[in-house]
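Working notes, structure below.
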Amino acid sequence: MKHSLDPQSLGPAGAPMAAAVQACVHCGFCLPDCPTYRELGQEMDSPRGRILLMKGVLEGDVPMGDALPHLDRCLGCLACETACPSGVHYRDLISPFRAKAEPARKRPLAERLRRLMLLMTLPYPRRFRPAAHAAAFFKPLAPKLPASLRPMLSLSPKAVPPSERLPVVSSPQGERRARVALLAGCAQQVLAPEINRATIALLTRQGVEVVVPPDQGCCGALAWHVGDARRAAKHARQNLRAFPENIDAIITNAAGCGSGLHEYPLILAGEPEEPAARAFAATVLDVCAFLDQLGLRDPLPARKKPLRIAYQDACHLRHAQGVHAAPRRLLAAIPGAELIDPARRQHLLRLGGHLQHRPARTRRRAPMPKRGSSTGSGADVAATGNIGCLTQLHLPQRNPRRAAYRAHGAALGGIGLAGRFPPLTDRAIYSSSPSSSSSPPACPPSGSRSAWIRQKPSMPSSTVSPALRKRGGRNEKSDARGRAGRDDVAGSSVMNWLM
């Protein structure tokens, strides 16, 4: 797309912003994959329309106030990047633009206070825990509270689990194959601390030493995606200092956090820390992708009863990080497991991600998922790879099927590969770890954040449903742009509260 933008005048992120505008050819392939366009049907609420709006604002042709309402509706799911044949890096434009637009905004006092409360609470587990307890207490009063506060209470749990302290170093079982550092997350530590426990058990059983840096902080994604560049850079610098150099990978088990870590070079563009941020981001891997490349080590115990698993792609794992097949291979390695596609997958979580924060008249325009659709056709377990998606799956209005687990994919893989499944209940499941028959690769040299071995264990065909087996021969990139790529959006719900 032709433009008259001067990258130098746009600041350190000007070059990638201008490149994103120039790469867009206005083809419209992104429109069907954009949840807000599908809901509202307005060109300016599509990625193509938003690129035009941002270009117009930056060139001085469109008033900022006219563009912001449409830009604020963007969830940042990046499904448009997966669908785009021209390779537009939409993330390189939308987040820096929000950062540039934020100083010009005029927010009401109540909105400023709500925004500050969330930015000062959610990224800090010691603050978020008492806030979550308070939300659980006031949850029954939600209908009587202001409409702007109801979505937060609807997503809050009825009870907050006890806090857990993670060991700084967890030794591997058997011969050490790798050494990694784990990002513990913020909200996840409070809402589902079992995920980190399961992740550590999963990795150590596979011969991986796990370090949890005690001085780490929030990934900064929340602040970055709502335009608070200063706060996002502060979080990024803290993690650059906290994570050690003598590791083979930085492991994340929350898709939104992993996506945020990958954006550190953009967050710190033009700063002295930019080279360190690039080296840091290059070593970030989702836990499922890491295990997929490492290979599972031990034979799997047999299961007496089959297990049907519906795996829901987290948008920031599928679209932002390009991880699609690895979680499925991990889950398929569970003895007796069968992977199935969730019914009506295009509407599965996108409704939970953003319709809660829209006007009631807008919410009524979109169809709700069919009863039980989030667990697929007769699934016993609904698995996903992000704490935000998992929170949505727990909402009764999103997932009314009561006799099903809702579990984090890595944690579910841990339970399955350990050969232990508790009785079906109406709560998420997490526990220990896996193993497999594939032989381990040589241990990469420690002492530097090295590029990891790319090993792709084959998915056992006997454990895969016919629907998935049909797509088995397609490569991950082309599959991401096909029917399986239209998973839509768990969405960053909190981001909508802050816009």
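So, in the stretch 169-179, how many residues would count as being open to solvent by less than 30 Å² (accessible area, probe 1.4 Å) and outside any loop (DSSP other than H, G, I, E, B)?
Going residue by residue through the stretch 169-179, those that are open to solvent by less than 30 Å² (accessible area, probe 1.4 Å) are 170, 177-178.
Those still in the list that are outside any loop (DSSP other than H, G, I, E, B) too: 170, 178.
Total satisfying the criteria: 2.
Determine which member of the set LEU182, LEU166, LEU203, LEU222 is surrounded by 22 or more Cβ atoms within 10 Å (Cβ to Cβ), farther than 21 Å from HIS316 by Cα and at pLDDT 90 or above. Steps first, answer last, please.
Numbers: LEU182 fails: farther than 21 Å from HIS316 by Cα; LEU166 fails: surrounded by 22 or more Cβ atoms within 10 Å (Cβ to Cβ); LEU222 fails: farther than 21 Å from HIS316 by Cα.
Exactly one of LEU182, LEU166, LEU203, LEU222 is surrounded by 22 or more Cβ atoms within 10 Å (Cβ to Cβ), farther than 21 Å from HIS316 by Cα and at pLDDT 90 or above, namely LEU203.
Say whether the condition of being of a type in the set (Val, Ile, Thr), part of a helix (DSSP H, G or I) and under 20 Å from the mean Cα position of the chain (by Cα) is met by at least one residue in the stretch 52-60. Spell out the reasoning first.
To start, the set of residues in the stretch 52-60 that are of a type in the set (Val, Ile, Thr) comprises 57.
Then keep just the ones that are part of a helix (DSSP H, G or I); that gives 57.
Checking the rest, the ones that are also under 20 Å from the mean Cα position of the chain (by Cα) come to none.
Looking through the stretch 52-60, none of the residues is of a type in the set (Val, Ile, Thr), part of a helix (DSSP H, G or I) and under 20 Å from the mean Cα position of the chain (by Cα).
Which one of these is outside any helix (DSSP H, G or I) and either at pLDDT 95 or above or of a type in the set (Phe, Trp, Tyr) (or both): HIS89, HIS26? So that I can check it myself, show each step before the final result.
Working: HIS26 fails: either at pLDDT 95 or above or of a type in the set (Phe, Trp, Tyr) (or both).
Answer to the check: HIS89.
Can you tell me which residues in the stretch 264-294 are among the acidic types (Asp, Glu), in contact with a Lys or Arg (Cβ under 7 Å, 6 or more places away or on another chain) and crowded, with 22+ Cβ neighbours inside 10 Å?
Of everything in the stretch 264-294, just one residue is among the acidic types (Asp, Glu), in contact with a Lys or Arg (Cβ under 7 Å, 6 or more places away or on another chain) and crowded, with 22+ Cβ neighbours inside 10 Å, namely ASP292.
Among all residue pairs at least 6 apart or on different chains, which show Cβ distances below 8 Å where the first residue, located in the stretch 8-23, is open to solvent by 50 Å² or more (accessible area, probe 1.4 Å) and the second is of a type outside the set (D, E, K, R) and assigned to a helix (DSSP H, G or I)?
The qualifying pairs are GLN8/GLY14; ALA15/PRO7.
Let me confirm something: among ALA101, ALA135, ALA131, which residue is in a helix (DSSP H, G or I), without any contact (Cβ under 8 Å) to a residue 12 or more places away in the chain and either open to solvent by less than 20 Å² (accessible area, probe 1.4 Å) or under 23 Å from ASN386 (Cβ atoms) (or both)? Steps first, please.
Details: ALA101 fails: without any contact (Cβ under 8 Å) to a residue 12 or more places away in the chain; ALA135 fails: without any contact (Cβ under 8 Å) to a residue 12 or more places away in the chain.
The unique qualifying residue is ALA131.
So is ALA320 among the hydrophobic types (A, V, I, L, M, F, W, C) and within 22 Å of ALA178 (Cβ to Cβ) or not?
Values: among the hydrophobic types (A, V, I, L, M, F, W, C): yes; within 22 Å of ALA178 (Cβ to Cβ): no.
Considered against the rule, which asks whether it is among the hydrophobic types (A, V, I, L, M, F, W, C) and within 22 Å of ALA178 (Cβ to Cβ), ALA320 comes out as no.
Select from the stretch 104-128 the residues that are open to solvent by 50 Å² or more (accessible area, probe 1.4 Å) and outside any loop (DSSP other than H, G, I, E, B) and list them in ascending order.
ALA104, LEU109, ALA110, ARG112, LEU113, LEU116, MET117, ARG126, ARG127
Are there helices (runs of 4 or more DSSP H) fully within the stretch 186-274 with at least 2 residues that are among the charged types (D, E, K, R)? List them. Even if it seems obvious, please write down each step before you answer.
Details: elements: 187-191, 194-205, 221-225, 229-242, 255-262, 264-267.
Counting at least 2 such residues, we get 194-205, 229-242.
The values are calculated or read from the model by the stated rules, or taken from the named source; none is laboratory data. Since this is a predicted model, take the numbers as computed values, not measurements. Heads up, the Cβs are rebuilt from the backbone with ideal geometry, glycines too, and the neighbour counts pull from every protein chain shown. Just the protein is used for accessible areas: all its heavy atoms, side chains included, with ligands, DNA and RNA removed. Shrake-Rupley method; radii C 1.70, N 1.55, O 1.52, S 1.80 Å.
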